[in-house]
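The structure appears below as structure tokens.
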Amino acid sequence: LRQVLEWHEELGGTTSLRALLRHKVSQERIYVSTPKGHVLDLPDGATVLDFAYRVHTEIGHACESGSVDGKPAGLNQILQNSEQVSVEAGTRNGPLRAWAEIELGYATTDRARAKLVSYFRSLSDQHKMRIGRALLAQLADALLLQQQQSDQDRLLADCTVATQLPDSATALLRLGSGELLLFELAQALRTSEPAYFDNFERAVSYTVTASNRDGLLLDITQLLNRLDIALLATTGRVSNGQDQAIITFDISLRDWYQALLVSCHLHLLNGLLEVRKQRRQSVSEGEQEV
């Protein structure tokens, strides 16, 4: 009960105390071990990132990679009973805000989500607003809106109305702190302003530049397969003396939800340097750029 009360406070009341307590009591548990043989219990469905936060909050915040039974594993890989898990911290200054998005499946435990929201709530208002604007730009990009300031200002105004928040600054602050999730914002906007989501099906070409490493292309194709996104074509090459890989792939998107999912996941790829997108008018209209 003390643990649930602590998490409730760290989440800023965004999740009800009753829901947290019910979730804690009803969860099945799994048991995994560290490389030194220490056994830790986690809720069934926990990920490598959840494990990192179970070990220590600061290890979770700085976590960059992990392995399960000696094999490389993504931070959102779901753990199974009796596996041996290890994580490595990097030099990044703090956690990634996208980890707090439930839809992405990185932080699934109440403990991890509470620590993430607590971290981002502690940032300065200026920092939170920068994060909020970056997330809003990502939503605009996923909705295939023109990246002009006037378009983003209109989107922000519509989002503020959709979430029934008092002003745009409050919307950005709550979005940046993780108290308002990006997918929650998109759902509210869809209910309030459905015109953003009309006739969405179309083909999109992504170009991903990342540090050249084994498994990069496999990570991308497995991601698309997991999200049930149709892959139309793909090419790849290396540059900068073999240090960088440039992978271009065309995909068919059914709706805004797929578009936002793939955009968020691509930005979390290990070693990512840049993501660029060429937008097409529709699947049927082929290669015409807009």
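Structure data summary
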{"read-out": "Cα-centred dipole magnitude for region 28-175, charges only on beta-carbon of K, R (+1) and D, E (-1), debye, nearest 20", "value": "380 debye"}
{"read-out": "Label of the coordinate-derived value, Rg and Dmax of the Cα atoms in Å, listed as [x] 21.0, 64; [y] 19.8, 58; [z] 23.8, 72", "value": "[y]"}
{"read-out": "Region 131-273 shape via C-alpha gyration tensor axes, a/c threshold 1.5", "value": "prolate"}
{"read-out": "Solvent accessible area, Å² - E193, 1.4 Å probe, full protein context", "value": "70 Å²"}
{"read-out": "Accessible surface, 1.4 Å probe, highest first, among residues I251, I59", "value": "I59, I251"}
{"read-out": "Directionally averaged projected area (convex hull, Cα atoms, region 124-186), nm²", "value": "3.7 nm²"}
{"read-out": "Cβ charges +1 (Lys, Arg) and -1 (Asp, Glu), total dipole of the chain, debye", "value": "520 debye"}
{"read-out": "Listed residues P194, S118, L182: farthest to the positive end of the dipole of the chain (Cβ charges)", "value": "S118"}
{"read-out": "Region 135-164 versus region 185-228: alpha-carbon centroid distance in Å", "value": "17 Å"}
{"read-out": "Leading residue at positive end of dipole, region 66-105 (Cβ point charges), from L79, S67, P95", "value": "P95"}
{"read-out": "Accessible heavy-atom area order of E83, E64, E101, E201, highest first, probe of 1.4 Å", "value": "E201, E64, E83, E101"}
{"read-out": "Accessible area (Å², 1.4 Å probe, nearest 10) - R121", "value": "90 Å²"}
{"read-out": "Cα centroid of region 75-126 to Cα centroid of region 25-56, whole Å", "value": "13 Å"}
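The values are calculated or read from the model by the stated rules, or taken from the named source; none is laboratory data. Just so it is clear, the structure is predicted and the values come from calculations on it, not from any experiment. So basically every Cβ, Gly included, is an ideal-geometry build from the backbone, and we count neighbours across all protein chains shown. Heavy atoms of the whole protein, side chains included, go into the accessibility calculation; ligands, DNA and RNA do not. Shrake-Rupley method; radii C 1.70, N 1.55, O 1.52, S 1.80 Å.
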